Structure formats: C-alpha cells, structure tokens
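Take a look at the structure below.
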Amino acid sequence: MSQEMLVLLAESLWETTYMVGVSAFIAALFGVPLGVILVTTDKGHVLENLAVNRVLGAIVNATRSTPFIILMVAIIPLTRLIVGTSIGTDAAIVPLSIAAIPFVGRIVESALKEVDYGVIEAAQAMGASPLQIIAKVLIPEALPSIVLGLTITVISLIGYSAMAGAIGGGGLGDLAIRYGYQRFRADIMLATVIILIAQVQLVQSCGDWLARRLNKK
C-alpha cells in the first residue's frame, strides 16, 4: 500500500472519529434528558403527564423506525439549512445525531426503569422534589446501564457513519466505496474493515471498563 493511501486512510479515520464523536455528544446531550422525560412523565411516576409521554413516544418511535439511509436523504433540506451543505463530514453529523437521539432516549428510558421504585418512594418520603429524585436517585442508580447504552450508541454510529460515506458523508465508508469498491482495491477495503473493527473493539472495551468503575453493586 502506497504512502498516499496510508495518508487517505488516516484522514478517513479522523473524519469517521470526528463524525461519530460530535454526533454521539449531541445524541447524549439531547437523548439523556429525553429518556428521563419519557420515564418521569409515565403513569404513576414523579412528573406524570401522559399527553407529553405519548407525543414524545410517538415521535421517538417514528424516528427510530425510519431506515438511516432514507432519513439521511429525507432531511437534506434541514442539513443544508444547518450546515450550508449536504455533502461532507459536517453534513453527515446532522442525520447521525437525529438518528441517535431517540435511540439514546429509549436506552436511557430502559436503564431508568430498572431502578427499584422503592428507592424512589423512599426519597419521596424524605421530602425530595422530583428534580432531586432525578438528579440524586434515578440517574446515579442507572449510570452504569446508561454508560453501556451510550457505548452501544457510539458503536451504532460507527456503522451509520460508514453508510453515510456511501452518499458523500466522508470517512472510512466513503474511502471503502470510492477506492475499495469502485477501483477494485481489495487492500483498501480490507484495511477499512480492520480499522472499523478495531474502533468498535476499543469503544466497547472503554465502555465496559467505565461501567464497571461506576457500578457500586
């Protein structure tokens, strides 16, 4: 493999890491509060509001049921509005984030529902407000599961970013299509696959380690 190809691989790896990192941050920023709202507005919970819960649940389900490639094409006008273009790594971050936010929301919702309701009732009996229950009981108790959920999200985003490369999103997926597939460079295709596998292994290992550190049980 030539030095030019190695440089292209390094650039593509950086583009993928950048896309995944920024979109994972945005997904966590909006997805974690979304998951908290989905749990706490449910029937019998600390901020019960079934109307809000059902509307948000319907939006989350609709977004999650849309295949990523279709979503990416469907929101091209929104992508252009936000970043000024529909091609490149910055443009790919918009659909990646929109796809990941409801995914994180559902993962956080599932993690928070695992918290023993007796702990919440004990906090209520001691006069804790709903916000105190969320910040000091729900999230700390569910944190290891939330971290594992966010790890799964990052891994999913690595896969999505490769798909984004197929329609001009940049990164390793774009390199694999343009050089590995269209120019019949099996060595480039193999190298991108190995790098993607290594990325996934690294993210999973770091996520597992952090979850174990946070687990007090």
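The values are calculated or read from the model by the stated rules, or taken from the named source; none is laboratory data. The model shown is predicted, which means the values in this text are computed figures rather than measured ones. Note that each Cβ is placed from the backbone with ideal geometry, even for glycine, and that neighbours are counted across all protein chains shown. The area values use the complete protein model at the heavy-atom level, side chains included, leaving out ligands, DNA and RNA. Shrake-Rupley method; radii C 1.70, N 1.55, O 1.52, S 1.80 Å.
Of the residues 146, 120, 93, which is within 14 Å of residue 34 (Cα to Cα) and not small (Gly, Ala, Ser)?
Working: 120 fails: within 14 Å of residue 34 (Cα to Cα); 93 fails: within 14 Å of residue 34 (Cα to Cα).
The match here is 146.
When 87, 76, 107, 69 are checked against the criterion of being modelled with pLDDT of 90 or more, of a type in the set (A, V, I, L, M, F, W, C) and under 25 Å from residue 20 (Cα atoms), a single residue qualifies: 107.
Scanning region 123-145 for residues that are open to solvent by 10 Å² or more (accessible area, probe 1.4 Å) and either in contact with a strand residue (DSSP E or B) (Cβ under 6 Å, 6 or more places away or on another chain) or in contact (Cβ under 8 Å) with a residue 40 or more places away in the chain (or both) yields 124, 130, 134, 139, 143, 144, 145. For region 57-68, the criterion of being open to solvent by less than 40 Å² (accessible area, probe 1.4 Å) and hydrophobic (A, V, I, L, M, F, W, C) is satisfied by at least one residue. Summed over region 177-217, the residues that are farther than 24 Å from residue 166 by Cβ and out of contact with any helix residue (DSSP H, G or I) (no Cβ under 7 Å at 6 or more places or on another chain) give a count of 8.
The C-beta contact set for region 1-16 (first residue more than 16 Å from residue 193 (Cβ to Cβ), second residue surrounded by 11 or more Cβ atoms within 10 Å (Cβ to Cβ) and not polar (S, T, N, Q), distance under 7 angstrom, 6+ apart or interchain) comprises 15/170; 15/171.
The helices (runs of 4 or more DSSP H) found wholly in region 1-104 and carrying at least 1 residues that are under 30 Å from residue 115 (Cα atoms) occupy 3-40, 50-64.
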